[in-house]
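Notes follow the structure.
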């Protein structure tokens, strides 16, 4: 979507409210490119801790983060193997979303890194999500909006009351959207070797 048309986007005020909540250190409930998600700034350790407490999740299980452009992979992971760019070309707009687990994660709160230092990232193409990520100027944490051990909600109405009441902001946008399947997840090591974590 062209920048000029964003001024008239029906979701603009909702996105601005989401950005404000995130900048204030809040946890938000928002529609991702797959399912409804819980999120916070990827550089905010206190917000991430609050998110995990709300979800009832062990902090030792890292969440993935969303970025709004492919070029940002090199800002938050090093090295980015060449095969990563080939995989991203196959998962562009209209394709099933793909999460890449890349070596050498950096510039995010350490709790988002796996024991081997890797970071899970997904490039999003949805204008609403891109607007939010650009507004906070850091990746956006994304984890499904369910209590740990419970099914992933397929629709906004299925999100537990405890989750809906425990966040700083709940998006209005996307409440009529039916959740899609989770992203595929592929891990790459520094040499570009592929491990499929989720087909």
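All of the numbers you see were taken from the coordinates with simple rules; none came from a lab. Just so it is clear, the structure is predicted and the values come from calculations on it, not from any experiment. Please note: Cβ atoms are built from the backbone with ideal geometry, for glycine as well, and neighbour counts cover all protein chains shown.
Here are some notes:
- Computed [θ] at 222 nm, deg cm²/dmol, the chain (DSSP H ≥ 4; -39,500 (n - 2.57); rounded to nearest 500): -7500 deg cm²/dmol
- Given R0 = 22 Å, the distance between the Cβ atoms of residue 177 and residue 134 translates into a calculated FRET efficiency of 0.55.
- Spatial offset of the range 84-111 relative to the range 5-43 amounts to 20 Å, using the alpha carbon center of each.
- Most mobile listed residue (186, 136, 83) in the chain, GNM with C-alpha springs under 10 Å: 83
- Model label points for residue 49 and residue 125, set 7 angstrom from Cα along the Cα-to-Cβ axis, are 3.9 nm apart.
- Estimated from the Cβ-Cβ distance and a Förster radius of 45 angstrom, the FRET efficiency linking residue 150 and residue 82 is about 0.70.
- Mean separation of Cα contacts under 8 Å, 6 or more apart, over the residue count of the range 3-198: relative contact order %: 33 percent
- Extension gain, residue 193 to residue 162: 0.36 nm times the residue separation minus the Cα-Cα distance gives 7.1 nm.
- Listed values (i) 9, 38, 39, 14, 1; (ii) 8, 34, 37, 18, 3, 0; (iii) 8, 25, 19, 14, 12, 9, 7, 4, 2, 0, entry calculated as P(r) over Cα pairs in 10 Å bins from 0, in percent: (i)
- Using bins of 5 Å that start at zero, the share of Cα-Cα pairs per bin across the range 57-147 amounts to 3, 14, 25, 25, 20, 11, 2, 0, in whole %.
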